[in-house]
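Please read the structure below before turning to the comments.
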Amino acid sequence: MTSAQIRQKFLDFFASKGHQIVASSSLIPLNDPTILFTNAGMNQFKDVFLGFDKRSYTRATSSQKCVRAGGKHNDLENVGYTARHHTFFEMLGNFSFGDYFKRDAIFFAWEFLTGPEWLAIPKEKLMVTVYATDDEAFDIWHQEIGIPSDRIVRIGDNKGPGVSDNFWQMGDTGPCGPCTEIFYDHGAHHWGGPPGSAEEDGDRFIEIWNNVFMQFNRDEAGVLHPLPKPSVDTGMGLERISAVMQGVHANYEIDLFQHLLAAAKRETGAADADSPSLRVIADHIRSCAFLIADGALPANDGRGYVLRRITRRAVRHGYKLGQKGYFFHKLVAPLAEVMGDAYPELRQRQEHIVEAIKNEEEIFGRTLENGMALLDTVLAGGKQVLDGDVAFKLSDTYGFPIDLTADVCRERNVTVDIAGFEAALDVQRKQSKAAGSFKMTAGLAYEGEASCFHGYTEASRSAKVLALYKGS
Ligand code: ATP
Ligand code: MG
Ligand code: MG
Ligand code: MG
């Protein structure tokens, strides 16, 4: 089954259960400063859950473009290291706005995954988790669906990165609630343990589907207020379920990625088809192209800075593979070939996307080689920790966002003195304040994920790119 067929089957299944098929919303959230990019299918329905907005339907289904590269859900550092994380992915979802609740949600999910005319996944390959105190969900899985109790794990609130939790929230504030998740066991030949175990961060048991029982709105003080009506929000990663259906382990092995990986190999001239750098590049072209299609552009702050970081990381991985020329923009066409049918904006804005990426490659291309030479020289001394002032110089003079420097260092088992970097940044900020200067410096101040986006500054766009964007 191809990814396109799975996407369609999912929408057909939920349409047959009375759900309205709703198109994906933009990756750039409209009027919502609480998230950086759209990170889940429920984002476009946030106000419906909160009771501020009413639709003509109470059940919906969608395949939503998501980017998790900053904010509460950030998987940028996982890309290239796990089998299952992307910066850009598609989330299949079904939603109930005060209509059905736990029982129907669980029955729908199980029927879609295991029903003979749907995905027909062998039941014994699946495991589930429920919120620690959610006896109701536990009983539905155990008594009604028939899952043995040793395959149902109770898990509580978030305990930190890499650890499962069964209370989902879109951001620090907003709709949230306990959830039940479904995991697929890829087999004992892969490292990792079941959810809740010490080895859960391995890639043997991969989470495929999260069903959230939306019950609360978390306010700025962290207090939970009940929603007007209990609701359901679910999310299943299309790439992860495609891997299951195509009998492969890593998302990168599915049909959608083959064409992109081949193009990345061709355009970088990489010798090794299995290089993790090719996976990073294939991942990053999707987030970069889709973000630009939705109106983002590389910039020095806010959302545009996240895009700049992802683009530069990809370019640096190409450089690592031996490609010293501009290659990244050449992957837009192969991407449009595989995803343009499902997302026509890729073709409609193709020329603009190519120009925007090429522009960024040219800017970074001026300093990348010298920056890498500096980093190589410093690291050649066998250092375990990269000094903060070197990281600062790389950022300030050579346009290396701090996470890019950290990415290179991580490959060489070196850590970065982030506190030292921030101290150097602080000194620079104070100096430029004292000088009363509002001029843009050559450097790329790392504003972190908290920096808020208030629209693009015209200065951050090259005239050519801007003209193309306006015209598209
Ligand atoms: P994980 O624990 O693997 O990081 P998650 O619990 O953060 O996943 P959810 O927020 O529950 O993920 O999102 C719902 C679904 O979206 C997941 O079950 C998974 O199928 C998919 N998904 C989440 N993050 C990613 C990602 N970075 N790349 C691809 N698919 C993802
Ligand atoms: Mg995650
Ligand atoms: Mg998880
Ligand atoms: Mg989850």
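Some notes on this structure:
- Temperature 20 °C, viscosity 1.002 mPa s: under these conditions the Stokes-Einstein estimate for segment 288-417, based on its Kirkwood radius over C-alpha pairs, is 138 µm² per second.
- The orientation-averaged projection of the convex hull spanning the C-alpha atoms of segment 9-145 amounts to 9.9 square nanometres.
- With the gyration tensor restricted to C-alpha atoms of segment 117-159, the semi-axes of the equivalent ellipsoid amount to 21, 12, 9 Å, longest first.
- Evaluating 6.51 cos²θ - 1.76 cosθ + 1.60 at θ = phi - 60° for every residue in segment 381-386, the Karplus couplings come out as x, x, 5, 9, 10, 7 Hz, glycine and proline recorded as x.
- Cβ charges +1 (Lys, Arg) and -1 (Asp, Glu), total dipole of the chain, debye: 1280
- Model label sites at Gln246 and Gln428, defined 7 Å from Cα along the beta-carbon direction, differ in position by 4.1 nm.
- Note on segment 93-241: Cα-only Rg and Dmax are 15.1, 47 Å.
- Inverse of mean 1/r across different Cα pairs in the chain, Kirkwood, Å: 23.4
- Estimated translational diffusion coefficient (Stokes-Einstein, Kirkwood radius over Cα pairs, 25 °C, 0.890 mPa s) of segment 12-87: 176 µm² per second.
- Overall Cα dimensions of segment 131-205, principal axis frame, Å, largest first: 40, 32, 15
- Our helix-only sum for the chain, with -39,500 (n - 2.57) per DSSP H run of n ≥ 4 divided by its residues, gives a mean residue ellipticity at 222 nm of -12500 deg cm²/dmol.
- Listed values for segment 253-261 are Karplus-derived 3J(HN,Hα) couplings in whole Hz (6.51 cos²θ - 1.76 cosθ + 1.60, θ = phi - 60°), namely 8, 6, 3, 4, 8, 4, 5, 5, 5, and x replaces Gly and Pro.
- Modelled spin-label separation between Ala273 and Glu144, with each label point placed 7 Å from Cα along the Cα-to-Cβ direction: 4.7 nm.
- Carbon plus sulfur fraction of accessible area for segment 252-367, probe 1.4 Å, in percent: 45
- Subset of Lys324/Lys358; Lys17/Lys46; Lys358/Lys393; Lys9/Lys65 violating a 19 Å alpha-carbon distance limit: Lys17/Lys46; Lys358/Lys393
- Counting only alpha carbon atoms, the long axis of helix 302-320 and the longest principal axis of the chain meet at about 70°.
- Kirkwood-Stokes translational diffusion coefficient of segment 179-312, alpha-carbon pairs, 25 °C, 0.890 mPa s, µm²/s: 136
- C-alpha long axis of helix 276-293 to longest principal axis of the chain, angle in °: 90
- Pair Glu362, Asp172: separation of 7 Å Cα→Cβ label points (nm): 3.9
- Selection among Leu291, Pro276, Met214 by position relative to the dipole of segment 213-306 gives Met214 as farthest towards the positive end (Cβ unit charges, Cα centre).
- The figure for Trp118 is an accessible area of roughly 50 square angstrom, using a 1.4 Å probe on the protein chains alone.
- Helix 102-114 vs. the chain, principal-axis angle (Cα, 0 to 90°, nearest 10): 80
The values are calculated or read from the model by the stated rules, or taken from the named source; none is laboratory data. Predicted model only: the values in this text are computed from it and were never measured. Neighbour counts are summed over all protein chains in view; Cβ atoms, including those assigned to glycine, are modelled from backbone coordinates with ideal geometry. Ligands, DNA and RNA are stripped out before the accessible areas are found, and what is left, the full protein with its side chains, is counted by its heavy atoms. Shrake-Rupley method; radii C 1.70, N 1.55, O 1.52, S 1.80 Å.
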